[in-house]
Structures are given as C-alpha cells and as structure tokens.
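To start, the structure itself, in structure tokens.
The values are calculated or read from the model by the stated rules, or taken from the named source; none is laboratory data. The structure displayed is predicted, hence computed values, not measured ones. We place every Cβ from the backbone using ideal geometry, glycine too, and count neighbours over all the protein chains shown. Areas reflect the complete protein model, heavy atoms only, side chains present, ligands, DNA and RNA absent. Shrake-Rupley method; radii C 1.70, N 1.55, O 1.52, S 1.80 Å.
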Amino acid sequence: MVELDSDLGDPTAQQAASWEIDNLTALWEYVEKLGVDENCRAADSYSNFLQQVRALQFLDSWHFPLTMLGRSSMVRRSQLHDDAADRLVYDGYFGRGRIGRMIPWAKGPKWGDSILTRNRTILLQEHPSDPILAGSELSQRPLVLRQLLDHTTFLPWKLDSADANVPTSTSTRSVSIEYKTDTLRVTMPTSSSGTLKIAVAPLAQEKEDVHFDIPADGSRYRVVPNIPSSRIENILKIAIEKEVQYLYLPELTLDEEYVDWLCELTRREIATQTLATGKIPAFRGIFAGVSGNNETSGTNYVIAIDMYGKIIWKQNKLFRWNLSIEQSKRFGLTSEFNSISDPLNEDIIDSSELIVFDSYDLGRAMLFICADISSNSPGDWVMASAGLNWVYAPIMDQSISWEFDTRGMKGPWITRRAHRAAFVSSAQVMVTNSMSLTHRVNETNIRNGDSRVTTGCGIAFCVDTTSSQALYQLINVPLSSSTDVLSVIEWGQGWTNL
C-alpha cells in the first residue's frame with residue numbers, strides 16, 4: 001500500500017489528509033482525476049497541466065523499486081507500468097497539453113554529454129566492487145519518468161507578441177512556438193584545435209552585390225542578392241579545408257534560386273574532401289540567409305543545411321524591418337528612386353512561427369532575423385525559459401562596428417540587443433552582417449560632405465555568457481577587398497572580457 005502525500009491534494013474534494021492505494025487500478029483512477037487518463041490524453045487547462053506533471057511524478061514514485069535499493073539486485077517493474085511509460089515517452093504524449101508541452105532541459109557544459117539521448121537511456125555509475133552491476137547489461141536502463149521530469153522545461157504552444165511594425169499599436173498577435181530536433185546522434189570529428197570553429201562570410205561585399213527592388217509608388221522594398229556563384233563555391237571550399245564546423249552567411253545574401261544548388265554543392269564538397277584526405281571533415285553545415293519571392297510578396301528566412309546537403313531547419317522572419325525616411329536617406333534610396341514612403345515597408349509576410357531547435361553539437365538554438373531580435377516578445381520569454389545554448393541573429397545593416405557611433409562600448413542597436421540577449425539567456429550569441437549597406441552609407445556621407453567615412457566593416461559580433469566571466473569578440477574586415485572575404489573564429493579564444 002502506498003500513501004499519497006496530502007500536498008498532492010484531493011482532485012475532487014479535500015476530504016482526507018491522504019489517499020490510500022493498494023492496486024494499479026486505484027492508482028489509475030487517481031491519476032485520471034489529476035488530468036491523465038489511461039490513454040494518456042492531455043490536460044485541457046494550465047492547472048490540469050500542472051496536476052498532470054505531478055501525476056507523472058507520482059506514477060514513477062509508485063514504481064520506485066526500479067531504482068537501486070541498496071542491494072545487488074533490481075526489482076522488475078510491472079508490465080502495466082512499462083506500457084504507461086512507453087506510451088507517455090516513446091509515443092510522444094509526455095507533457096503534451098493544450099497550452100504547451102515539456103521538452104528536455106538541454107542546458108549543460110556540452111550538449112553531447114546530456115543525460116537525454118536519442119534512445120532515452122542513461123548510464124548508471126559502475127561499481128567495480130559489485131560484480132552483478134559492473135560491466136553488465138544493467139549498466140544502462142530506460143530513463144524513468146521521474147528522471148525525465150528532472151531534466152525538462154515547459155514550452156508553451158503560443159506566446160503573444162506586440163506588433164513591432166506599429167510601435168504605437170496596442171494590438172497583439174500570437175506566435176506559435178515549435179520544437180524540433182535534428183536526427184544526427186553520432187560522434188563526429190572536431191577541428192584539430194578541439195574548440196568550436198566557425199566562419200562568417202558576408203557574401204555581399206560590394207554595393208552592387210545587393211539590389212533594392214522598389215515599385216513606382218515607393219511603398220515597399222525587397223532586397224535581391226546578386227552574389228557570384230563562384231564566390232559562394234570558393235568560400236565553402238576554404239571553410240571546409242580550414243576545419244570550420246559551421247559557415248554563416250548573413251541575412252538576405254543567398255537568392256532562393258541557389259538553395260538547391262548550395263545543398264548539392266555542400267554534399268559534393270564534403271565527399272570530395274573526404275576522398276582527398278581519407279577522413280571525414282569537421283564541417284557540420286551552413287546557416288544561410290535567403291531572399292525569395294512568392295506570388296504576392298518577398299520572403300526572408302534562414303536555412304540550416306547539414307553536411308549531407310539536407311535542410312534541417314528553416315526559420316522565417318517574424319517582423320519586417322521597415323525603414324524610416326532617415327534610414328532611406330542614409331542608404332541612398334531617396335537619391336535612386338523618385339518616390340520613397342515613410343516608412344518604407346519591407347515587402348514580406350510576417351511569420352507566425354518561432355522554432356526552438358535542438359542541435360547535437362550547438363545545443364538548444366534559436367534564430368532571430370534582424371528586426372526579430374529587436375523585439376522583446378516573444379523572444380525574451382523563450383530566451384529566459386527554454387534553456388538555450390545558442391542564439392543566432394543574422395542582419396543586413398551598416399557596419400556593426402560603426403566607429404562614429406556616440407554610444408560608446410555598447411555601440412549600434414544590434415550590439416546592444418546582442419548584449420541583452422546574451423544576459424537574458426546566459427547563452428552564446430552571434431550576430432553576422434554583410435558589407436553592402438556600409439558602402440551605401442559611405443557614398444551618402446561623401447555626397448553630403450560628411451566626414452564620417454569608414455574603411456572597415458564589422459561583419460560579426462559574438463558574446464558568450466555561459467561562464468562567470470562574460471566574453472565578446474567583434475570581427476572587422478577591410479571594406480575594400482580584392483578577395484572573397486571569410487573570417488574564421490575560434491570560439492572564446494583570445495576574446496575580451498565584457
């Protein structure tokens with residue numbers, strides 16, 4: 001017989017200090033009243049969801065003999081409990097409710113060392129003095145519900161967000177929060193340095209590398225990249241040869257027509273390098289900012305391509321970057337086009353989906369494209385609550401390291417938002433940028449007799465707040481370059497204290 005602690009409460013009425021249950025049927029009756037029935041249907045309210053979690057915890061405690069009892073044998077759990085746990089964990093019902101679901105808590109020094117593995121098993125500490133456990137099949141066992149709950153976090157289905165495109169508006173819209181994982185669960189090679197090595201290629205190095213498409217009424221704009229395919233091919237080849245694990249291409253630098261080609265190019269280059277060197281490259285994949293079109297508007301999204309040339313993650317932009325008339329002047333658009341509205345709206349459809357993505361080696365990651373990281377919601381809640389390891393924000397703007405900015409160390413808007421994201425999430429945060437708009441700002445300043453002309457461009461800003469000492473790195477490159485620009489970063493190596 002098992003006594004339920006009175007803190008769990010009577011789901012129907014507070015009639016007794018405790019419940020007494022002496023069989024599994026009675027246990028299921030109790031669990032059913034707490035929000036989980038024998039078919040593992042989800043709770044339909046927040047209070048029921050919390051009760052569901054407590055019910056799962058109790059369900060596992062009921063079969064506590066699964067855990068070691070201080071002796072050299074383990075008590076076999078009942079078949080009924082096997083069925084219940086399997087339905088909850090393996091069939092995807094675990095933690096699913098109408099307001100949200102529970103996902104693994106991924107925070108840790110290394111994602112690869114997480115207690116949660118793909119087949120839901122953990123390793124028991126071996127006891128050399130215990131011949132029954134040491135080296136036996138009992139050295140690993142299924143992850144039980146109590147341990148699973150100890151390593152979870154709650155993720156809502158939706159979060160409300162203010163309309164960032166209308167700052168004075170009090171209206172909100174719902175953004176769905178999706179959870180996805182990659183399928184790569186094998187040990188892969190690392191760079192010879194043993195640290196995370198990434199590379200940033202701005203791609204859009206010259207003013208002419210991107211084109212603003214603005215209709216005659218001057219109401220909206222699309223950014224159309226015009227990057228030579230030879231540049232992309234050369235940069236990818238060099239990145240793989242330099243043992244880079246990830247290559248980052250900023251916002252709107254890859255035309256959608258090149259996506260399939262880049263996937264095939266990645267697969268082919270990996271195969272070529274493997275055959276040439278006799279070993280699998282350290283390269284994991286590419287994050288690429290894509291500019292596309294549908295029937296009525298443009299599209300702005302980022303894709304993650306793995307080493308096999310497969311797209312494993314796609315995040316669409318949540319909020320448009322609408323240009324004020326001052327920004328349009330700064331970028332020379334009022335000189336190029338007869339009519340420019342104020343604001344000049346980015347011609348995309350706002351996405352209503354934000355993805356939390358679990359990557360085998362980067363950990364739990366999120367993408368915030370340009371204006372998305374400038375909005376407090378829904379990003380703040382997820383960054384603070386989801387146990388993120390990695391935050392990536394690709395942009396297309398003037399130099400990140402605009403030396404004429406009067407705000408000092410915190411610099412332009414994107415570096416201030418990157419700082420904020422890093423300290424909210426206690427994660428690794430990375431911003432990437434292209435170079436075309438810096439050329440445009442220089443041209444405008446020269447035309448207006450303004451002495452603020454820069455010879456360099458900030459293409460990346462990295463912040464790491466995962467340890468007691470926060471670190472940062474700002475990557476600057478010459479604005480004029482006769483070669484394809486690729487900057488390799490060894491994460492945390494030689495960085496400055498923040």
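Side notes on the structure shown:
- Qualifying positions in region 433-474 - touching a Gly at 6+ places or on another chain (Cβ under 7 Å) and among the hydrophobic types (A, V, I, L, M, F, W, C): 471, 474
- Among residues of region 265-278, those that are crowded, with 19+ Cβ neighbours inside 10 Å and under 26 Å from residue 366 (Cα atoms), counted: 3
- From the list 223, 244, the lone residue that is crowded, with 18+ Cβ neighbours inside 10 Å, touching a strand residue (DSSP E or B) at 6+ places or on another chain (Cβ under 7 Å) and outside any strand (DSSP E or B) is 244.
- Residue in region 375-392 that is acidic (Asp, Glu), under 21 Å from residue 284 (Cα atoms) and open to solvent by 10 Å² or more (accessible area, probe 1.4 Å) present: no
- Any hit, region 420-436, residues being at pLDDT 95 or above, open to solvent by less than 10 Å² (accessible area, probe 1.4 Å) and over 18 Å from residue 287 (Cα atoms): yes
- Hits in region 330-362 (condition: in contact with a strand residue (DSSP E or B) (Cβ under 7 Å, 6 or more places away or on another chain) and open to solvent by 40 Å² or more (accessible area, probe 1.4 Å)): 343, 345, 352, 353
- Filter result for the condition that a residue is in contact with a Ser or Thr (Cβ under 6 Å, 6 or more places away or on another chain) and farther than 27 Å from residue 155 by Cα, over 281, 343: 343
- Region 203-214, residues that are closer than 13 Å to residue 255 by Cα and either assigned to a helix (DSSP H, G or I) or open to solvent by less than 50 Å² (accessible area, probe 1.4 Å) (or both): 203, 204, 209, 210
- So residue 217, is it loosely packed, with under 15 Cβ neighbours inside 10 Å, outside any helix (DSSP H, G or I) and modelled with pLDDT of 95 or more: yes
- For region 279-301, the set of residues classified as open to solvent by 70 Å² or more (accessible area, probe 1.4 Å) and either touching a Phe, Trp or Tyr at 6+ places or on another chain (Cβ under 6 Å) or among the aliphatic types (A, V, I, L, M) (or both) consists of 280 only.
- Matching option when the condition is modelled with pLDDT of 95 or more, of a type in the set (Asp, Glu) and either surrounded by fewer than 21 Cβ atoms within 10 Å (Cβ to Cβ) or outside any loop (DSSP other than H, G, I, E, B) (or both), among 233, 178: 233
- Residue tally, condition surrounded by 18 or more Cβ atoms within 10 Å (Cβ to Cβ), farther than 16 Å from residue 204 by Cβ and not β-branched (Val, Ile, Thr), over region 447-475: 6
- Answer residue from region 476-493, given it is among the aliphatic types (A, V, I, L, M) and in a loop (DSSP other than H, G, I, E, B) and is surrounded by the fewest Cβ atoms within 10 Å (Cβ to Cβ) among those: 479
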